[in-house]
Every structure is written in C-alpha cells, then in structure tokens.
Amino acid sequence: MEDIMEKTILIADDAEINRDMLKFIFEEQFEILEAEDGQEAIDMIEENKDHIAVLFLDLLMPRKTGLEVMEWMTEKGYMDLIPVIMITGEATVESDVKAYEYGASDIIYKPFEPKVVMRRAMNIMELYEHRQYLEQKLEKRTRQLVESQRKLQQNNDFLVNALSSVVEFRSLESGEHIKRVKNFTKIILTYLMKFYPEYELTQEQVELIVNASSLHDLGKIAIPDNILLKPGRLTDSEFREMKKHTIYGCEMLENFKQEDSEFYKYCYDICRHHHERYDGNGYPDRLAGEDIPIWAQVVSIVDVYDALVSKRVYKAPYAVEEACRMIHEGECGIFSPKILDCFDLAKEELFVMAEGVSFADEKERQ
C-alpha cells in the first residue's frame, strides 16, 4: 500500500486565510496544492488526480461551487479515488445533506480546530487507502480466478476431446455421432431453459452439459471387441455386457475426479444415466421420473434419436418421421412429458440435422 505521507493535499477555497490555515496544519507532512476557485480546482484535479490524498473543498466559490466540482468528479469517476472534505462557514441541514448526497466524506466547519481537522483528515485518508488496497487485492484475485477457470476449461476441453477421440477409434463409430449428440443436446436444452424455468438452468450450465454429453459412451472403451464390433444384433448375454458401459465409463471418470466440480458431475451423471427411462425400466440403476438428472434425460432422448436416424452396422437408418413416432409411442423407452415437449419444439431443427445424416449415409451406400 502506498504511503499516504508521500501524497498531496489540494485545498480549494477562494479565501486565502482559509487556505493558509489548512496549509499550516498539513504542510510539514504533505505537499500542498491550492486553488482559488472551483474551475481551478477542476484543472488541478485533472492534472494531479493520481497523487491527491484528500481534497478540502469550499462549498461557495467563484466560477464553480464545491457541489459543481463534486458533480464533475462523479461524472469522471474521481469521487471513488479522491476523498472530499467539504469546508463551509454556513452549517445548514440543507447544505450538509447536499454535500453528502454528492459524495463528500466529511464536512468541517469554519473556524478550524487544527488537531480535529488533522485527525479527521488522516482517518479519511487511511480509510480510502485501505479500501483501494482491498479493491486492488480483490481485482487481482478475480483475475487469478478467471485465469484459473480458463485453464481449467482448457484442460476439460482437452480431456473431453481426447476421450471422445478414443471412443470414436475404439468403437469404429463416426465422430459425427458425438458432434450430433452435442448439437442435439444444446438445442433441447435451449428449449428446456426457455419453457421450463423450474430446472433453473443457466447458459453457463448448458455449455458445460453440452460438452459433457460427448462422453456419454465413454465406457464402450472397456467393452470387448467381439461385442462392441459385432456386425449384427447382440445376444442376451452380449447385451448384458454392453449395458455395463454405463458403469465402466463412470469408473474411468473416477480417475479424473475433481472435487466440487460441476462439470465432473454432469459427465458422471450423463455417462451413468443416459440409458435410464422415465418409467424406471432403464439401466443401470432403474431410476424413474425426476430422480434421473435432467441433463441425463436430455442426452438420453437425443442419443436414441440419433441412433434411429443414423446408419448402423446392424440396421438401416429410419426416416425422421418414423423415428419421432417410435420415440413418442415408447418403442425406445419412456421419456418425460417435458422432454418430449422440448423434443417436439426442436423437431424442425433436429429434422434438418437428421436429413444431413441421411444424405451422408446415402452417399456412403452409393
């Protein structure tokens, strides 16, 4: 913290005797600047604003009054930097109220008592110094937190991209599936946030959930090749093993666990619960209703939708209209009415994306 003893005091008063009295009190410890009227005070403030420890400001002066000077300081943002002690010979309630409304730190009445003036001025300067020190410290800490958050987000992005790439390579699925799941998730969440405020989702949370959605099938890395890459339908025992990818994925995420991390929670919940169903007939925990985290419910429906409209080694893609019918009629499990409502609201946007998928599959077949 800068030593206040190295700073300057500005005395703005049209009466020379008043300036001399204040100068006598402070000149041994401070450099003194003097202004004979309000306009001169403004000029001196503009030139010396970084060095003025306190401004003694007369209420009534030529050219500009003390209140007009403070009004100008407020517009320039200087009232937060320079404490103002109003000096006046007229002690009226009206003038006192106006001075404090304009931001004066204190009011001292003429004639001056040197020891009282010194003590009150020093107290105010020390308070301002301490406040500025705390504000600078807080600003520095805020910058550090923002930078830490930025680096953490970079690390999360790197981790997500790396693990997503492993899933793509391991399962031989197109990376486009993961991209579409992220895009579909963002669309559904946008409608959910708009029409169902009871979930209290924020834009920041939506971005985290969208990023986390790309890890929904992380556990497939641990599924044996003969099951994961089988070019046909799975047997009952193979399907039981395939369903364990929800558990395997969470076990992998435990290695990257970050305490009190909202992003980790979204990753974990989505990885584990994106195959749960609203009626309790999903897996692995047979959760039902709103016990299923809402972000997992969203990824669940978009994962099903993309699986239906995309080509797989064991099936041709369904038409968009047929996929929507199957989802609504519960052929792929039961979803919540709210999720289905958002799905319908997003249908046109999902249709456009899905048509792009179908076109790509058609070109591949040719």
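The numbers here are math on the coordinates, done by the rules we state, and not lab data. What you are looking at is a predicted structure, and each value in this text was computed from that prediction instead of being measured. We place every Cβ from the backbone using ideal geometry, glycine too, and count neighbours over all the protein chains shown.
Below are the figures for this structure:
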{"read-out": "Between helix 262-273 and the chain: long-axis angle, C-alpha atoms, 0 to 90°, nearest 10", "value": "10 degrees"}
{"read-out": "Cα Rg over Rh - the range 179-280, Kirkwood", "value": "1.03"}
{"read-out": "Protection proxy ranking, peptides 122-134, 295-307, 15-27, 47-59, average beta carbon neighbours within 10 Å, highest first", "value": "295-307, 47-59, 15-27, 122-134"}
{"read-out": "C-alpha center-to-center spacing [the range 238-292, the range 114-132] in angstrom", "value": "60 Å"}
{"read-out": "Protection-proxy order for peptides 315-326, 229-240, 105-116, each taking the mean of Cβ atoms within 10 Å per residue, highest first", "value": "315-326, 105-116, 229-240"}
{"read-out": "The range 4-141: projected area of the alpha-carbon convex hull, averaged over directions, in nm²", "value": "8.0 nm²"}
{"read-out": "All lysines inside 17 Å of Lys243 as judged from Cα atoms, apart from same-chain residues fewer than 8 positions distant", "value": "Lys220, Lys230"}
{"read-out": "Length-normalised contact order of the chain in % [C-alpha pairs under 8 Å, at least 6 apart]", "value": "10 percent"}
{"read-out": "Greater than 26 Å apart at Cα, pairs in Lys23/Lys137; Lys137/Lys257; Lys244/Lys315; Lys76/Lys140; Lys182/Lys244", "value": "Lys23/Lys137; Lys137/Lys257"}
{"read-out": "Burial ordering of Glu207, Glu75, fewest other beta-carbon atoms within 10 Å first", "value": "Glu75, Glu207"}
{"read-out": "All aspartates and glutamates inside 17 Å of Lys311 as judged from Cα atoms, apart from same-chain residues fewer than 8 positions distant", "value": "Glu168, Glu173, Glu176, Asp303, Glu321, Glu322, Glu355, Asp361, Glu362, Glu364"}
{"read-out": "Beta bridge orientation in the chain: antiparallel %, DSSP, nearest 5", "value": "5 percent"}
{"read-out": "Hull volume in cubic angstrom per residue (convex hull over the Cα atoms of the range 172-365)", "value": "118 Å³"}
{"read-out": "Calculated on alpha-carbon atoms, Rg and Dmax of the chain in Å", "value": "34.5, 102"}
{"read-out": "Computed helical MRE - 222 nm, the chain, DSSP H runs ≥ 4 contributing -39500 (n - 2.57), nearest 500", "value": "-19500 deg cm²/dmol"}
{"read-out": "³J(HN,Hα), Karplus 6.51/-1.76/1.60, whole Hz, each residue of the range 322-333, x for Gly, Pro", "value": "5, 4, 5, 4, 4, 5, 5, 8, x, 6, 10, x"}
{"read-out": "Between helix 294-309 and the chain: long-axis angle, C-alpha atoms, 0 to 90°, nearest 10", "value": "40 degrees"}
